[in-house]
1. What are the residues whose amide H is under 5 Å from the amide H of Val82, where those residues sit 5 or more places off or on another chain and H is modelled from the backbone?
2. Check Glu94: other-chain or 5+ apart residues with amide H under 5 Å from its amide H, H built from backbone geometry?
3. Please compare each pair in Lys149/Lys172; Lys96/Lys143; Lys132/Lys167 to a cut-off of 22 Å on the Cα-Cα distance and tell me which ones are over it.
4. Equivalent-ellipsoid semi-axes (√(5λ), Cα gyration tensor) for the range 39-180, whole Å, largest first?
5. Once amide H atoms are placed 1.01 Å from N in the peptide plane, what residues at a sequence separation of 5 or more from Ala52, or on another chain, have their amide H within under 5 Å of its amide H?
6. Residue by residue through the range 16-23, what is 3J(HN,Hα) from phi via Karplus (6.51 cos²θ - 1.76 cosθ + 1.60, θ = phi - 60°)? Round to whole Hz and write x for glycine and proline.
7. On full extension of the chain, what length is gained from Glu147 through Phe23, given 0.36 nm per residue of separation minus the C-alpha to C-alpha distance?
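Derivation of every value follows stated rules applied to the coordinates shown; laboratory data play no part. Here the structure is a predicted model, which means the values were calculated and not measured.
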Amino acid sequence: MEIKKSSGFLSSKVLVPIILCLFIFLCMGCSGVFFPLPYSSLAPFEGKVIDAETKEPISGAVVLAVYYRTTYSVAGSNSYVVDGQETLTDENGEFKIPRKRRWFVLCRGYPEGSLVIFKPGYGRKGTAPPPKQYIVYELPKLKTIEERKKNVIYADIYDEIPYKWRKLYIKKINDECISLGVPPNTIPEEDGEK
């Protein structure tokens, strides 16, 4: 009597290709090919802020990175703010805003970025630099009270960005408003912040 070996439900000839296909599908899925990962990557920026006249470094200037997306249609394009992050310049006037990922966002990918630099007594600087390049930014010293008032009255406070990612920026603008006798901007409640 001859005993036959049972080949089992899945032999190694079938099991290995199935596992390999599942592994490839999983890897492609994790890279966003089949299904997107729910994060948005915020570009890094670095540079130095100096006085336009003296070329001396400006410490304590707030640098706000504003990230936005642009949608295109038959009627034209429309840009809207989606995120932000901020930092202060050090004693050498240097700053570094690292690359960050915000997880579980509706729009994934890489939003475009621009920088807003503010220091009380100096003119605001708004620029859209290329990421990953070290750039020196010159801020002009404002000479009159009227120039300084105009500078803070017309400052955009970026309500679209959650308050926790623009606290330093709002604080510096409000400090300048108070020192000039201009009503400060309202600060959202921490619990129900926008």
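1. Counting only residues 5 or more places away or on other chains, the set is Tyr67, Tyr68, Arg69.
2. Under 5 Å from the amide H of Glu94 lie the amide H atoms of Val49, each far enough along the sequence or on another chain.
3. The pairs that break the limit, which is 22 Å between Cα atoms, are Lys96/Lys143; Lys132/Lys167.
4. Equivalent-ellipsoid dimensions as semi-axes: 27, 18, 14 Å.
5. HN-HN under 5 Å from Ala52: Leu139, Lys141.
6. Result, rounded to whole Hz: 4, x, 5, 5, 4, 4, 4, 5.
7. Using 0.36 nm per residue and subtracting the Cα-Cα distance, I get 38.4 nm.
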